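> Following this message is one structure expressed as structure tokens.
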Amino acid sequence: MRGKKVLTQDEENGASFETAASRPPPRDERKQVPLTLVVALAENGVIGNKGTLPWRIPEDLKRFKALTLGKPCIMGRKTWDSLPRKPLPGRTNIVVTRDHGFRADGAEIAHSFEDALGIAALGMPDEIMIIGGAAIFASALPLAQRVELTDIMVAPQGDAFMPPFDRAQWQETKREGPYEAGALRYAFITLERRQLR
Ligand SMILES: NC(=O)c1ccc[n+]([C@@H]2O[C@H](COP(=O)([O-])OP(=O)(O)OC[C@H]3O[C@@H](n4cnc5c(N)ncnc54)[C@H](OP(=O)(O)O)[C@@H]3O)[C@@H](O)[C@H]2O)c1
């Protein structure tokens, strides 16, 4: 739910009222927790359409749950809005928004991708899951160690696209499928970054 808040002049001017003690430390001062992107991707780069997924693949939703359960999940505000059930149960939900008045029951709010990483790392997880959408994938991709990809062999209409990524930098370490869901074919693929930056 989008909360309305009257901003003070300082807030409108972008002043921050966080103290140094409450603000998460910058990422390079923390133990670097591996980032994993979880993305269902069509062959034309589409990941979403009109605020939702352009396909329905129950096995993909089950895999998503298995991959993310118990872990911090970072998502953009539009992906949060798109969730049929909020928050994702059994996971720390972290929603990134520039809107300082935004409130999301059951989720942590971050006002930058960096701050989202800081919040996610506070529980000292083994892995931080990046669950979309396009804007958040674009921020996370240069830092990610792993991509858990559902490769969907279809080219649907869409308005949200995965940022292009160079597959030569990634090694396929696992592949399952192809499977079928009605007329759709899809495969589950794990990609690991060949070389850490
Ligand atoms: N296929 C998949 O795997 C997959 C996964 C997730 C989502 N999706 C689909 O993707 C679509 C949503 O993706 P999207 O790209 O449109 O939106 P999104 O990435 O989920 O959210 C974008 C919003 O996140 C906030 N944001 C992004 N970067 C930020 C930053 N650096 N600092 C602060 N806030 C930031 C902004 O929120 P404010 O506007 O509130 O400031 C921005 O408008 C939906 O169709 C959804 O179903 C698909």
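> Would you count, across the range 25-193, every pair of lysines whose alpha carbons are under 20 angstrom apart, provided the pair is eight or more residues apart or spans two chains?
Final tally of qualifying lysine pairs is 11.
> Can you tell me the length gained on complete extension of the stretch residue 105 to residue 171, counting 0.36 nm per residue apart and subtracting the Cα distance?
Difference between extended and current length: 19.9 nm.
> Expressed in nm to one decimal, what extension gain is obtained for the pair residue 138 and residue 59 from 0.36 nm per residue of sequence separation less their Cα-Cα distance?
Result: 25.9 nm gained on full extension.
> Which of 39, 95, 154 has the fewest other C-beta atoms within 10 Å, and how do the rest follow up to the most?
Ranking 39, 95, 154 by Cβ neighbours within 10 Å, fewest first, gives 154, 39, 95.
> Expressed as a rounded percentage, what relative contact order does the range 25-193 have, with Cα pairs under 8 Å and six or more residues apart?
Computed over the range 25-193, the figure is 32 percent.
> Can you sort 131, 136 from fewest to most other Cβ atoms within 10 Å of each residue's own Cβ?
Fewest-to-most ranking of 131, 136: 136, 131.
> Also, quick follow-up: Of 161, 36, 183, which is farthest on the positive side of the dipole of the range 25-193, counting Cα position, with +1 on Lys and Arg Cβ, -1 on Asp and Glu Cβ, and the Cα centre as origin?
About the Cα centre, the residue reaching furthest to the positive side is 183.
> Can you tell me the length gained on complete extension of the stretch residue 66 to residue 83, counting 0.36 nm per residue apart and subtracting the Cα distance?
Additional length available on full extension: 4.4 nm.
Computed from the coordinates by the stated procedures, all read-outs in this text should not be read as laboratory data. Fair warning: this is a prediction, and the values are worked out from it, not measured in the lab. All Cβ positions, glycine included, derive from the backbone under ideal geometry; neighbour counts span all protein chains shown.
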